[in-house]
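The values are calculated or read from the model by the stated rules, or taken from the named source; none is laboratory data. Every value quoted in this text rests on a predicted model; they were computed, and no experiment measured them. Positions of Cβ are generated from backbone atoms using ideal geometry, with glycine treated the same way; all protein chains shown enter the neighbour counts.
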Amino acid sequence: MLAELDHIILGINDLERGVAWVEERTGVRAAFGGVHPGRGPRNALLALGPSCYLEIIAPDPQQSAPTWFASLRTMSEPRLMGWAAHTSDLTALAQAVVEAGFAISEPQEGARSRPDGRVLTWKLFHLRHDRGGLLPFFIEWARDAVHPAKDAPSGCGLKSFYLESPKAREWARMCRMLGVDVQIQAGDKLRLLARLAGPKGEVELTS
């Protein structure tokens, strides 16, 4: 069972500054996506392909301290905070991941209110030890959900997305065990990297 890249998460402590930062470098302005009620963050979205998107995430001023991505409040500069891989059968994938030896959170329902008033729903689970967001969480969208990439602003593409590590073989083995289709490259330090291409050229994002 293979889980493919669904979205990458770019965090910052102010959503408008994050949106402006991405627009300045790509030439495309992300659209407000909505809020995560009770979780703290709000987001803006940018399509990177037919089933992949960039989520710019920041604290929602109308909510208390975030329970998701608590470090957002101190992030004055945007950086990659994590990524999601999608599957069509979250229950089966969760079982396979546990059988491969990984501890996971209990699969749970998620929801976000869209600006048009509709509620977007999904199921997900996290790895208990995701190495600070370097390993993905896993998501299955509801059957009637419109995938965010379908109606987020277009004009940008994902040129590359990969994990860099001094122990590339070890990380490649872990990702194979998770059934995740992601590129691993050797590098001096452990980090996520993504390269986006837009009307203004290319921009690199890193964790």
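Before moving on, here are some points about what is shown:
- Taking the conditions (1) in a helix (DSSP H, G or I); (2) closer than 26 Å to Val22 by Cβ; (3) more than 17 Å from the chain's Cα centre (by Cα) in turn, Met177 satisfies each one other than (2).
- Asn13 passes every criterion in (1) out of contact with any Pro (no Cβ under 7 Å at 6 or more places or on another chain); (2) in a loop (DSSP other than H, G, I, E, B); (3) polar (S, T, N, Q) apart from (1).
- A Cβ distance below 8 Å, combined with a sequence gap of six or more or placement on separate chains, defines the contacts here; from the stretch 134-154, residues that are more than 17 Å from Ile9 (Cβ to Cβ) reach residues that are surrounded by 19 or more Cβ atoms within 10 Å (Cβ to Cβ) and among the hydroxyl-bearing types (Ser, Thr, Tyr) in the pairs Glu140/Thr87.
- Note on the stretch 60-110: among residues that are part of a loop (DSSP other than H, G, I, E, B), of a type in the set (S, T, N, Q) and touching a residue at least 60 places away in the same chain (Cβ under 8 Å), the one that is surrounded by the fewest Cβ atoms within 10 Å (Cβ to Cβ) is Ser76.
- Any hit, the stretch 131-150, residues being over 24 Å from Arg42 (Cα atoms) and not aromatic (Phe, Trp, Tyr): no
- The single condition from (1) of a type outside the set (S, T, N, Q); (2) modelled with pLDDT of 90 or more; (3) touching a helix residue (DSSP H, G or I) at 6+ places or on another chain (Cβ under 7 Å); (4) surrounded by fewer than 14 Cβ atoms within 10 Å (Cβ to Cβ) that Glu16 fails is (3).
- Residue check: Lys123 meets all listed conditions (1) in contact (Cβ under 8 Å) with a residue 40 or more places away in the chain; (2) touching a Pro at 6+ places or on another chain (Cβ under 9 Å) but one, namely (1).
- Failed item in (1) surrounded by fewer than 16 Cβ atoms within 10 Å (Cβ to Cβ); (2) part of a helix (DSSP H, G or I); (3) of a type in the set (Phe, Trp, Tyr), with Trp21 passing the rest: (1)
- Of the listed requirements (1) among the aliphatic types (A, V, I, L, M); (2) out of contact with any helix residue (DSSP H, G or I) (no Cβ under 8 Å at 6 or more places or on another chain); (3) at pLDDT 90 or above; (4) in a loop (DSSP other than H, G, I, E, B), Ala145 misses just one: (3).
- Cβ-Cβ under 7 Å pairs, at least 6 apart or on other chains, the stretch 183-207 side under 16 Å from Pro136 (Cβ atoms), far side surrounded by fewer than 19 Cβ atoms within 10 Å (Cβ to Cβ) and of a type in the set (Lys, Arg): Ser207/Arg79; Ser207/Arg191
- Candidate set: the stretch 103-121, residues that are modelled with pLDDT under 90 and small (Gly, Ala, Ser); chosen: the one farthest from Ile139 (Cα to Cα): Gly117
- When the stretch 28-44 is filtered for residues that are surrounded by 22 or more Cβ atoms within 10 Å (Cβ to Cβ) and modelled with pLDDT of 95 or more, the ones remaining, listed by number, are Ala30, Ala44.
- Within the stretch 71-93, the only residue that satisfies the criterion of being closer than 12 Å to Leu205 by Cα and in contact with an Asp or Glu (Cβ under 9 Å, 6 or more places away or on another chain) is Gly82.
- The condition of being acidic (Asp, Glu), at pLDDT 90 or above, buried (at least 19 other Cβ atoms within 10 Å of the Cβ) and out of contact with any Ser or Thr (no Cβ under 8 Å at 6 or more places or on another chain) holds for only one of Glu164, Glu170, Glu202, that being Glu164.
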